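The values are calculated or read from the model by the stated rules, or taken from the named source; none is laboratory data. This one's a predicted model, so the numbers in the text were calculated from it and none came from an experiment. Note that we place each Cβ from the backbone using ideal geometry, even for glycine, and neighbour counts take in every protein chain shown.
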Amino acid sequence: MDTDGHGAHGRESGLRDFVGRFRGWMAANEAELAPLLPAHADYDLRVETAKRLRKMLFDAEWGRVGWPEAAGGLGGTILHRAAMHDELFRAGWGGPTIFEHLEIVAPTLVRYADPDFVRAVLPRFLDGSQPWAQGFSEPEAGSDLAGLRTRAEFDGTDWIVNGAKIWTSWAKYARWCLALVRTGTTEQRHRGLTMIAIDLRSPGVTPRPIRQANGTDELGEVAFEDVRVPPDRIIGEVGGGWKAAMYLLAHERGTLSWVRHCGFRENLTAAAKAMNDSSDRQVGEAALHLLGVRATAINLLAREALDVELGPDSAFNKLLTTRTEQTVYNVLRDIDSARVAFPLDSETDPVLQQEYLFSRIVTVYGGSQQMQLMTIARHVLGLRDA
Ligand SMILES: Cc1cc2nc3c(=O)[nH]c(=O)nc-3n(C[C@H](O)[C@H](O)[C@H](O)COP(=O)(O)OP(=O)(O)OC[C@H]3O[C@@H](n4cnc5c(N)ncnc54)[C@H](O)[C@@H]3O)c2cc1C
């Protein structure tokens with residue numbers, strides 16, 4: 001693949017050129033690419049297809065763009081990744097599925113993990129062969145994350161992990177889990193937490209999928225019993241897990257919205273074709289919401305590209321994205337109801353129906369809506385509890 005004299009794939013100034021070259025590559029490889037773009041209703045097949053697409057992008061080097069060379073990438077910024085995702089969506093892509101975690105987990109690995117460890121694992125994440133999960137929530141510690149109880153104790157050689165995580169997205173498909181564990185005392189709350197990378201093929205790890213209302217088992221529980229983890233898999237400082245976790249959550253609540261909004265946009269555009277006079281106002285409102293998310297997402301992407309740390313105001317973006325997702329899928333339900341109908345019939349689009357049902361729970365992932373409002377009140381507006 002060409003380079004343009006600003007590092008492997010150019011910085012923002014070369015973005016237009018980069019998009020042109022990516023479009024050219026997509027056109028030249030259409031026959032191989034086309035079967036890898038649509039989302040399959042069978043979730044296992046959807047994930048398998050997403051992995052094959054990652055492999056194809058990686059082999060052609062596009063999948064390494066936007067990641068630092070020291071970590072196994074080819075340089076460039078998140079803007080390159082965002083532009084590439086945008087193009088894929090416009091070509092009919094159903095979305096990254098388990099590789100949303102590339103926008104959530106991977107930046108945290110790049111920022112906080114041991115450089116040799118990142119160089120070993122990131123390319124396998126980028127080529128789709130070793131996906132990652134995020135293990136924060138526990139049965140008694142979701143909103144109260146600082147109360148989590150999964151423990152890691154150092155035995156002089158390894159960290160020994162015991163406990164359980166829940167609501168772990170894509171646990172069933174992941175090779176690694178970026179987990180938040182307690183290495184200090186319960187009284188230390190968030191100061192006693194450490195982030196650690198756990199190989200899910202280690203002895204003592206038991207993942208159990210959870211079947212969701214939309215028929216997928218995208219979420220899971222993961223139990224850890226005396227799981228040995230070598231010390232170079234501590235991510236950041238021992239006792240410094242909270243800082244790394246907040247960094248990760250700022251991406252989940254913030255920059256992730258770019259890739260998500262591209263998917264909403266394509267679905268809304270398709271549904272608008274079935275629009276009539278009485279639905280144009282509803283579609284217009286959803287389009288306005290989408291533009292709002294797009295604007296705030298671009299702002300966050302630009303900050304990330306300039307290495308300006310995203311902060312608690314990402315919570316605002318999460319609220320906006322959530323509201324937009326629910327508005328868009330409400331529109332789909334109202335104006336194109338046959339495709340989202342219950343029960344499934346010949347006119348139902350099973351993927352769209354899954355997405356509609358998923359849109360009902362988006363007020364919860366990445367921290368519930370109430371917790372986002374609390375974060376804004378406390379850490380953006382500086383309000384204190386009475
Ligand atoms: C689709 C999806 C994907 C997810 N993926 C992951 C993942 O990959 N990894 C992971 O670690 N977790 C994941 N989660 C879990 C998610 O982060 C938690 O569900 C979330 O933080 C809420 O925690 P909880 O379920 O324990 O609910 P609780 O914390 O029990 O909250 C229940 C309700 O009480 C409210 N509430 C709680 N405390 C307060 C308070 N102090 N003030 C006001 N209201 C409060 C909440 O807002 C919520 O409405 C996912 C969840 C979903 C739905």
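Observations on the structure shown:
- Only one entry of SER129, SER143 meets the criterion of being more than 13 Å from the ligand (Cβ to nearest atom) and either surrounded by fewer than 23 Cβ atoms within 10 Å (Cβ to Cβ) or outside any loop (DSSP other than H, G, I, E, B) (or both), and that entry is SER129.
- Given (1) at pLDDT below 95; (2) touching a helix residue (DSSP H, G or I) at 6+ places or on another chain (Cβ under 7 Å); (3) within 20 Å of CYS262 (Cα to Cα), index of the condition VAL362 fails: (1)
- Residues located in the range 352-381, provided they are surrounded by 15 or more Cβ atoms within 10 Å (Cβ to Cβ), over 18 Å from the mean Cα position of the chain (by Cα), in contact (Cβ under 8 Å) with a residue 24 or more places away in the chain and near the ligand (Cβ under 7 Å from one of its atoms): MET371
- Qualifying residue in the range 212-232 (condition: under 21 Å from the mean Cα position of the chain (by Cα), within 16 Å of the ligand (Cβ to nearest atom) and more than 30 Å from VAL351 (Cβ to Cβ)): no
- Among the criteria (1) assigned to a loop (DSSP other than H, G, I, E, B); (2) free of Cβ contacts under 8 Å to residues at least 24 places away in the same chain, the one THR216 does not fulfil is (2).
- The set of residues from the range 168-207 being part of a strand (DSSP E or B), over 14 Å from ALA141 (Cβ atoms) and within 14 Å of the ligand (Cβ to nearest atom) comprises TRP176, CYS177, LEU178, MET195, ILE196, ILE198, PRO207.
- Of the listed requirements (1) under 30 Å from PRO68 (Cβ atoms); (2) buried (at least 22 other Cβ atoms within 10 Å of the Cβ); (3) within 12 Å of the ligand (Cβ to nearest atom); (4) of a type in the set (A, V, I, L, M), ALA152 misses just one: (3).
- Against the numbered list (1) away from the ligand (no atom under 12 Å from the Cβ); (2) surrounded by fewer than 18 Cβ atoms within 10 Å (Cβ to Cβ), TYR112 comes up short only at (2).
- ARG124 away from the ligand (no atom under 14 Å from the Cβ) and either more than 19 Å from THR108 (Cα to Cα) or crowded, with 22+ Cβ neighbours inside 10 Å (or both): no
Yes/no per residue for (1) among the charged types (D, E, K, R); (2) surrounded by fewer than 17 Cβ atoms within 10 Å (Cβ to Cβ); (3) in contact with a strand residue (DSSP E or B) (Cβ under 6 Å, 6 or more places away or on another chain); (4) in the same structural domain as ARG90 (by TED's automatic domain parsing):
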site	(1), (2), (3), (4)
PHE264	no, no, no, no
GLU285	yes, yes, no, no
LEU300	no, no, no, no
GLU309	yes, yes, no, no
ASP313	yes, no, no, no
GLN326	no, no, no, no
ARG339	yes, no, no, no
